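Here's the structure we're looking at; comments come further down.
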Amino acid sequence: MTTSDHEVRAVASRFYEALNRTLGANDPSRMLELWSHGPEVSAMHPDGARDLGWRQIKLLHENWAKHVSGGRIALVAPRIQMLGDVAILTGWERGAARLHDEQVHIDARVTLVFHREDAEWRVVHHHVDAVPAVREITRRLGTQMGADAEGYDTATWSIRYGFV
């Protein structure tokens, strides 16, 4: 294992600690510190949403912290590919959380993309498969976790809450 590989594994570990703090203790602050803050960042999460740019990513994590409780997600079978200053991590996210007082289980593929910025690895993309139970709860309750929560125009996006 190279030094960079160890560094990426360490930041991935911090990512899941921060994710569990967001979902379990309703505190997204550590998660927000791990992300790059530029317009190129993106996320696709279990509710089927796609969020683009730092402002939307920040809002997304703040909203997950408000609407989810008792969450615990683990990274299973990670594989890291190093491409210079870019690292791609693939694996599975497994765990559970309460979304609006409804228990949901997560067993989904995940891709995390990290970019080295000023000698630090930052998250630039996080993609988790859509989870039908999460999609149904957010659609039924009209919960807007990411971009739509602040009135972004998502008409040109390929997917939002299951409407293609």
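The values are calculated or read from the model by the stated rules, or taken from the named source; none is laboratory data. Just so it is clear, the model here is predicted, and its values are computed rather than measured. Heads up, the Cβs are rebuilt from the backbone with ideal geometry, glycines too, and the neighbour counts pull from every protein chain shown.
Some notes on this structure:
- Inside region 107-153, residues that are at pLDDT below 90, touching a Phe, Trp or Tyr at 6+ places or on another chain (Cβ under 7 Å) and surrounded by fewer than 16 Cβ atoms within 10 Å (Cβ to Cβ) make up a count of 1.
- Number of the condition not met by residue 18 [criteria: (1) under 25 Å from residue 137 (Cβ atoms); (2) over 13 Å from the mean Cα position of the chain (by Cα)]: (2)
- Given (1) over 13 Å from the mean Cα position of the chain (by Cα); (2) closer than 28 Å to residue 136 by Cβ; (3) small (Gly, Ala, Ser), number of the condition residue 43 does not satisfy: (1)
- When residue 47 is tested against the conditions (1) of a type outside the set (A, V, I, L, M); (2) touching a helix residue (DSSP H, G or I) at 6+ places or on another chain (Cβ under 8 Å); (3) surrounded by fewer than 15 Cβ atoms within 10 Å (Cβ to Cβ), the lone failure is (3).
- Taking region 1-96 as the region of interest, the strands (runs of 3 or more DSSP E) fully inside it that hold 3 or more residues being in contact with a His (Cβ under 6 Å, 6 or more places away or on another chain) are 42-44.
- Any hit, region 84-96, residues being buried (at least 16 other Cβ atoms within 10 Å of the Cβ), more than 15 Å from the chain's Cα centre (by Cα) and touching a residue at least 12 places away in the same chain (Cβ under 8 Å): yes
- For residue 43, the criteria (1) over 19 Å from residue 102 (Cβ atoms); (2) without any contact (Cβ under 8 Å) to a residue 60 or more places away in the chain; (3) in contact with a Leu (Cβ under 7 Å, 6 or more places away or on another chain) hold in every case but one, which is (2).
- Tally of residues being crowded, with 16+ Cβ neighbours inside 10 Å and charged (D, E, K, R) across region 23-42: 1
- Residue under evaluation residue 54, criteria (1) among the aromatic types (Phe, Trp, Tyr); (2) modelled with pLDDT under 95; (3) surrounded by fewer than 19 Cβ atoms within 10 Å (Cβ to Cβ), criterion not met: (2)
- Cβ-Cβ distances below 6 Å connect the following pairs, each with a first residue in region 53-79 that is more than 18 Å from residue 37 (Cβ to Cβ), a second residue that is of a type in the set (D, E, K, R), and a separation of six or more residues or different chains: 69/98; 70/98; 73/93; 74/94; 76/94.
- Residues in region 63-90 that are modelled with pLDDT of 95 or more and under 20 Å from residue 49 (Cα atoms): 2 in all.
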